[in-house]
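Following: one structure in structure tokens, then a few remarks.
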Amino acid sequence: MRLIRLPGLFFLFLLIASCTSQSFIQDKELSVEHKIEALLSQMTLEEKINMTHGNTKFSTAGVARLGIPDLMMSDGPHGVREEIKPDSWEPAGWTNDSASYFPTGTALSATWNPDLAYRFGQALGQEARARDKDIILGPGINIMRTPLCGRNFEYMGEDPFLVTRMVVPCIKGIQEQDVAACLKHFALNNQEFERNTINAQLSERALQEIYLPGYEAAVKDGNVFTVMSAYNKVRGAWCSENPYLLNDILKKQWQFPGIVISDWAGTHSTVEAANAGLDIEMGTNRPYNEFYFADPLLQAVKNGAVSEKTIDDKVRRILTVMYKSGIFNENRSEGSFTTQEHFDIARKVAEEAVVLLKNDHNLLPLDKKKIKSITVVGDNATRKHAAGGGSSGLKALYEITPLHGLKNKISADTKLKFAQGYKRTTKFTWNKGVLNFFDADEAEQLRKEAVAAAGESEVVIVFAGLNHDFDTEGTDRQNLVLPYQQDLLIKEICDVNPNTIVVLISGSPVEMPWHKQVPVIVQGWYAGMEAGNVFADILFGDVNPSGKLTFTFPEQLEDSPAHSLGTYPGQDLNSDYSEDILVGYRWFDTKKINPLFAFGHGLSYSSFQYSDLKLKAKISPEEGLQVSVNIRNSGDRPGYETAQLYLQDVECSVIRPDKELKAFEKVYLQPGETKNIKFNLKSKAFSFFDEKEMQWKEEPGLFKVHVGSSSRDIRLSGDVLID
Ligand code: GLC
């Protein structure tokens, strides 16, 4: 029988007539598009606008009569925040909202393990679902432009390629649990200092090559459902009303079908924001009907400044995300909360995140059977970090501290002594415009006691670093100096005991004037609820460290690009990104500045040999380049190695960084085992963004392929000619 094609409008009429009941919302016969149109056609303008702004701190209204529920949101990127009261920032006082606390962004990225990022996302999504959330406000991926940014700890470091490889699986893991991820903060929220007012000025090339790739991959490959606009301005326009970022790039070029949500109280207008591509205004202080996207938006539609078509597009996006997040599904995922599986994932991420920066005389791993006495020093030996850092803080079900982890690990006949050494304090002295946090009277006493204790044991482990007074939202650090006179403490301890191990608990770089004197340095991160057990496992060799840095540790702050050029924190609320594309190791390598510890650096208790680098001498752009290399574990214990591939454009019409990360693979090798790793580089890998043509361009010529264990530990190189 020939199907009679009903005219579209008439069909839609029939559809609506037959869809007055809510049953059609779940009707499997109808496409999601049809159901959305049917819902939209039944909504009043007021109902549509109610969906585009907060109706509590962390939700937007639905349309009850049509079976559309409120949209529930929660922070944050490394665990589900405690329940907040509907109309204030105060905790709701629940007793069952203590969540799993996962390692934070710089730790997750330091695993260089996309599969683990996926599992991290699954666990975070399951916990959000179990708390009945529809949107989890994470992951955050702002590039580390300055080591001082207070929120570096939440993000994934300084390299755009690494971010693309880690953020996509994380988002997929979250969204497969029927929860929308919310990628943030779009874009260029690279400092907290004046974050609500700073204007980022930068070239199109820096925008396209450094700051956008993570977002583009998240949209195109990760299919992220929501994006959060940042507080700051870009090229003079607030991110929440920036037509170039929101309409031109995100929605038109990248075809983003989801929702743009403002950062909280980050909206600055009604008409400009509505027409520039913002879809939901979230905020804090106004009564909800006074939000820009509430009564004023209704007025703007009535007076024609904003078309109803524009409002329909916003609501269509919101309904699309609702359908994609399973909100209308009877069998929507239930999620799971604080399960052993999640604790295990938190532990696994921490195990693969910890970076062994230095291990002279192979002092590590310690031998549990032989060691008789250990002194543990430092405020970070006993401090818990889960609740700190601002909006990403959470109420952790538990958090194993480093001292607790060591006590769990050591044998009964090992004497363990703890000395405070230094203490967190908010007391400070003001010295040449710099805040020095320490309490003079107390500090000296604590230092003396710790040094005395250190001299009496075989080994000293100092848990040093920062905390969320420094790694936190809303402020940047003033410098890279360890607070509370830790440098003096570490130096004096080294003077009395050569077997000193420093474990840094922090989410961003610090200066280490004592680094030559200290034989062992470990970057421990804010490593989540199992941190203490993981540090103990690594110190005693039950876990072979495999983390690699995803950002540069400078010898001194002035060596960093934004500080060397004096463009941070900006002037008159303008931050000129004049380092352009030379962010992080791109700057250090191109300017031939030696870092304290390089991007991609991380030692193992094993050693790895690279051999047999094979690459075609000549390739055409479409064919791409096949690279093959062998990695062998020449050590005596199994372990992971992350082989990194960097490209160097030897001859180019524009400046290009000395080298750029274009591929990596983390492999697990038994002692003596060899694995062959293959990489395939497509044309984009060789290209730069041409500002004249406003597109990516691959220029023929000579390229060098570098493969190694870090950006400064290149093991093999080869030449390739692009026709
Ligand atoms: C904050 C943060 C953002 C967070 C939001 C809700 O200001 O910038 O990351 O998700 O508000 O707490």
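The values are calculated or read from the model by the stated rules, or taken from the named source; none is laboratory data. What you see is a predicted model; the values in this text were computed from it and never measured. In this analysis, Cβ positions are derived from the backbone assuming ideal geometry, glycine residues included, and neighbour counts consider all displayed protein chains.
See the values below:
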{"item": "Looking only at region 159-193, and only at residues there that are β-branched (V, I, T), within 19 Å of I135 (Cβ to Cβ) and buried (at least 24 other Cβ atoms within 10 Å of the Cβ), the one that is farthest from the chain's Cα centre (by Cα)", "result": "V179"}
{"item": "Members of region 183-197 that are more than 20 Å from Y215 (Cα to Cα) and within 13 Å of the ligand (Cβ to nearest atom)", "result": "N196"}
{"item": "Identity of the residue in region 235-258, of a type in the set (A, V, I, L, M, F, W, C) and away from the ligand (no atom under 16 Å from the Cβ), that ends up farthest from the chain's Cα centre (by Cα)", "result": "A237"}
{"item": "Condition met for Q648 (crowded, with 18+ Cβ neighbours inside 10 Å, outside any loop (DSSP other than H, G, I, E, B), without any contact (Cβ under 8 Å) to a residue 60 or more places away in the chain and touching a strand residue (DSSP E or B) at 6+ places or on another chain (Cβ under 8 Å))", "result": "yes"}
{"item": "Residues that are more than 16 Å from the ligand (Cβ to nearest atom), closer than 12 Å to A110 by Cα and either in contact with a Pro (Cβ under 8 Å, 6 or more places away or on another chain) or modelled with pLDDT under 95 (or both), drawn from region 144-164", "result": "V163"}
{"item": "All positions within region 289-311 that are within 16 Å of the ligand (Cβ to nearest atom) and surrounded by fewer than 22 Cβ atoms within 10 Å (Cβ to Cβ)", "result": "none"}
{"item": "Residue tally, condition within 29 Å of the chain's Cα centre (by Cα), within 19 Å of H268 (Cβ to Cβ) and modelled with pLDDT of 95 or more, over region 279-322", "result": "5"}
{"item": "Which numbered condition N275 misses (of (1) polar (S, T, N, Q); (2) under 24 Å from the mean Cα position of the chain (by Cα); (3) at negative phi)", "result": "(2)"}
{"item": "Where a residue in region 382-394 is touching a residue at least 12 places away in the same chain (Cβ under 8 Å) and farther than 25 Å from K407 by Cα and its partner, wherever it lies, is small (G, A, S) and near the ligand (Cβ under 10 Å from one of its atoms), with Cβ under 8 Å and at least six apart", "result": "G390/G474; S391/G76; S392/G76; S392/G138; S392/G140; G393/G76; L394/G76"}
{"item": "Leading residue by the ranking (farthest from K133 (Cα to Cα)) among those in region 202-229 that are within 16 Å of the ligand (Cβ to nearest atom) and in a helix (DSSP H, G or I)", "result": "G214"}
{"item": "Per-region count, region 259-278, residues more than 16 Å from the ligand (Cβ to nearest atom) and crowded, with 22+ Cβ neighbours inside 10 Å", "result": "5"}
{"item": "Sole exception among (1) in contact with a strand residue (DSSP E or B) (Cβ under 8 Å, 6 or more places away or on another chain); (2) assigned to a loop (DSSP other than H, G, I, E, B); (3) of a type in the set (V, I, T) for V306, by number", "result": "(1)"}
{"item": "Lone qualifier among A346, A381, A350 - being more than 23 Å from the chain's Cα centre (by Cα) and buried (at least 23 other Cβ atoms within 10 Å of the Cβ)", "result": "A381"}
{"item": "D367 being modelled with pLDDT of 95 or more, of a type in the set (D, E) and not in a loop (DSSP other than H, G, I, E, B)", "result": "no"}
{"item": "Residue check, T284 more than 30 Å from A217 (Cα to Cα) and touching a Phe, Trp or Tyr at 6+ places or on another chain (Cβ under 8 Å)", "result": "yes"}
{"item": "Filter result for S269 (at pLDDT 95 or above and more than 21 Å from L40 (Cβ to Cβ))", "result": "yes"}
{"item": "Selected residue (only one of P621, P595 is part of a loop (DSSP other than H, G, I, E, B) and at pLDDT below 95)", "result": "P621"}
{"item": "Filtered residue count, region 677-707, keeping only those that are buried (at least 20 other Cβ atoms within 10 Å of the Cβ) and over 29 Å from the mean Cα position of the chain (by Cα)", "result": "1"}
{"item": "Output for region 92-145, where each listed residue is surrounded by fewer than 24 Cβ atoms within 10 Å (Cβ to Cβ) and farther than 23 Å from E399 by Cα", "result": "P114, D115, D132"}
{"item": "Conditions (1) hydroxyl-bearing (S, T, Y); (2) away from the ligand (no atom under 16 Å from the Cβ); (3) surrounded by fewer than 24 Cβ atoms within 10 Å (Cβ to Cβ); number of the one not met by S391", "result": "(2)"}
{"item": "P498 vs. criteria under 22 Å from the mean Cα position of the chain (by Cα) and either assigned to a helix (DSSP H, G or I) or more than 16 Å from the ligand (Cβ to nearest atom) (or both)", "result": "no"}
{"item": "Residue that is surrounded by 20 or more Cβ atoms within 10 Å (Cβ to Cβ), at negative phi and part of a strand (DSSP E or B), where the choices are V583, V667, V629", "result": "V629"}
{"item": "Single unsatisfied condition, V32 versus (1) farther than 26 Å from A294 by Cβ; (2) crowded, with 19+ Cβ neighbours inside 10 Å", "result": "(2)"}
{"item": "Filtered residue count, region 464-479, keeping only those that are closer than 23 Å to W264 by Cβ, surrounded by fewer than 18 Cβ atoms within 10 Å (Cβ to Cβ) and away from the ligand (no atom under 14 Å from the Cβ)", "result": "1"}
{"item": "Pair list, Cβ under 7 Å, 6 or more apart: region 340-368 residue more than 11 Å from N544 (Cα to Cα), other residue acidic (D, E) and in a loop (DSSP other than H, G, I, E, B)", "result": "F343/E530; A346/E530; R347/E530; A350/E530"}
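Conditions tested, residue by residue: (1) in contact (Cβ under 8 Å) with a residue 24 or more places away in the chain; (2) under 22 Å from V510 (Cα atoms); (3) aromatic (F, W, Y); (4) in contact with an Asp or Glu (Cβ under 7 Å, 6 or more places away or on another chain).
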| position | (1), (2), (3), (4) |
| --- | --- |
| I141 | yes, yes, no, no |
| P147 | yes, yes, no, no |
| D159 | yes, yes, no, no |
| G173 | yes, no, no, no |
| E176 | yes, no, no, no |
| A180 | yes, no, no, yes |
| H185 | yes, no, no, yes |
| N199 | yes, no, no, no |
